[in-house]
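The values are calculated or read from the model by the stated rules, or taken from the named source; none is laboratory data. This is a predicted model, so every value here is computed, not measured. Using ideal geometry, Cβ is built from the backbone for each residue, glycine included, and neighbour counts are taken over all protein chains shown. Note: accessible area is taken over every heavy atom of the protein model, side chains too, but ligands, DNA and RNA are not part of it. Shrake-Rupley method; radii C 1.70, N 1.55, O 1.52, S 1.80 Å.
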Amino acid sequence: MKTRWKSLTSMLLITGLLAGCGTAKPESTTQNSSQPSSEGTAAASESGEITVYSAIEEEQIKTYLTSFKSQYPDIKVNIVRDSTGIMTAKLIAEKDNPQADVIWGLAATSLLVMDDQDMLEPYAPKGVDQVLPEFKDKSSVPKWVGIDIWETAIIVNKVEMEKRHLAIPQSYEDLVKPEYKGLIAMPDPASSGTGYLTVNALIQLYGKDKAWSFMDKLHENMMVYTHSGSKPAKMAASGEVPIGISYGYSGIQEQKKGSPIEVIFPTEGSGWDMEANALVKKKEMKPEAKLFLDWAISAEPMKEYNKNYAILSIKQEGTTIPDGYSKDPVSQLSKLDLYQAARDRESVLEEWTTKYASKSEPKK
């Protein structure tokens, strides 16, 4: 891996990142650069076709895209969607012959890996000056821009736990108690961004040696590692597994459907990552792709992101903390260095796969 990494610790535990605390006003089909100027924007066609690679949940994509389709009805948007790890691997595999025009809602750690491989084209979308500094590349013309944060949560089926006369775990440390042997599902970090952000949190929380020892114990309690970040929450909701390590949004959605679950944010601090956007570097970059990135941080999609996530990259009037999240969601995040997470990604995934992939579900 190249050595162009910036020296920056992503310390987001500041009140300025809390959705709702600011007052600034920022101006398809689905399958499973340069500084902008008025001239460049005007040159962008309002008809055409773009391919967008995304790890955003399928149920969110349709809702999010409503305002784009309303503004640009003649631009066809082909969404290619998969989990973070699979989408990242696909993009890297296509490095020499890129198929995507835009990356939308992929983990910032994945985009940092791609930036290090010179796969991203600098582009400052309209309104990027209103994006909080911690949510974007530090270059004068950013290569990636974040939109929101998602974090580790423990999703617990209360009925299943009562049947077994077990207490509801509140922390990572609780999850390695012997009474939970065979009762936990967690995302495979090689496939899922939620899996990786959780593993990364453990490594940065405990240090590498202690973290691997901890994960050895956690592995003993694991029923299965899934290839989807949301699947453990769905398994817990259905009672297929009593405890799912997933992420907050997924558990909260299952709770809203009436499932007998509790959504726990670990007391040590949740692992987290950003959903972020970027322009794919290729020989011919479509102006419609830049229009899409302009739209993706504009007011309407930001309102939609806020319906699902508590921490946004742009502070707006009227933003809220959605039901189910911590009252102070920023303070419950672990202190993480995303650049370190990206730097270590390959080696961590290799070691994790060697140690624990025997319990991963079969790939489709």
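Filter LYS62/LYS234; LYS335/LYS359; LYS90/LYS364; LYS231/LYS257; LYS256/LYS363 down to the pairs with a C-alpha to C-alpha distance above 25 Å, please.
Values: LYS62/LYS234 20 Å; LYS335/LYS359 29 Å; LYS90/LYS364 15 Å; LYS231/LYS257 15 Å; LYS256/LYS363 29 Å.
Check vs 25 Å cut-off fails for LYS335/LYS359; LYS256/LYS363.
Assigning unit charges at the beta carbon (Lys, Arg +1; Asp, Glu -1) and nothing else, what dipole magnitude in debye, to the nearest 20, does region 210-304 show about its Cα centre? Walk me through the numbers on the way to the answer.
Working: 12 positive and 13 negative charges, 64 e Å.
Here region 210-304 has a charge dipole of around 300 debye.
Report, to two decimal places, the Cα Rg of the chain normalised by 2.2 N^0.38 Å (N = number of residues).
Numbers: Rg = 19.9 Å, N = 364, 2.2 N^0.38 = 20.7 Å.
The value comes to 0.96.
Over region 271-364, calculate the relative contact order: mean separation of alpha carbon pairs under 8 Å at least 6 apart, over the residue count, as a percent.
Relative contact order of region 271-364: 22 percent.
Answer rounded, prolate or oblate for region 156-251, using the Cα gyration tensor with square roots of eigenvalues a ≥ b ≥ c: rounded when a/c is under 1.5, else prolate when a/b is larger than b/c, else oblate.
It comes out oblate by the Cα gyration axes.
Evaluate the charge dipole of the chain about its Cα centre and quote only its size in Debye, nearest 20, assuming +1 on the Cβ of each Lys and Arg and -1 on the Cβ of each Asp and Glu.
About 260 debye.
How large is the accessible surface per residue of region 51-124, computed with a 1.4 Å probe and reported in Å² as a whole number?
Result: 34 Å² per residue.
For region 228-364, rounded, prolate or oblate, judged on the Cα gyration tensor with a ≥ b ≥ c (square roots of eigenvalues), a/c < 1.5 rounded, else prolate if a/b > b/c?
Oblate, since a/c reaches 1.5 and b/c is not below a/b.
Could you check the spin-label model distance between ALA89 and ASP323? Points 7 Å from the Cα along Cα→Cβ, value in nm.
That separation, rounded to one decimal, is 3.8 nm.
Could you please state how large a percent of the accessible area of the chain is carbon and sulfur, counting protein chains only and using a 1.4 Å probe?
49
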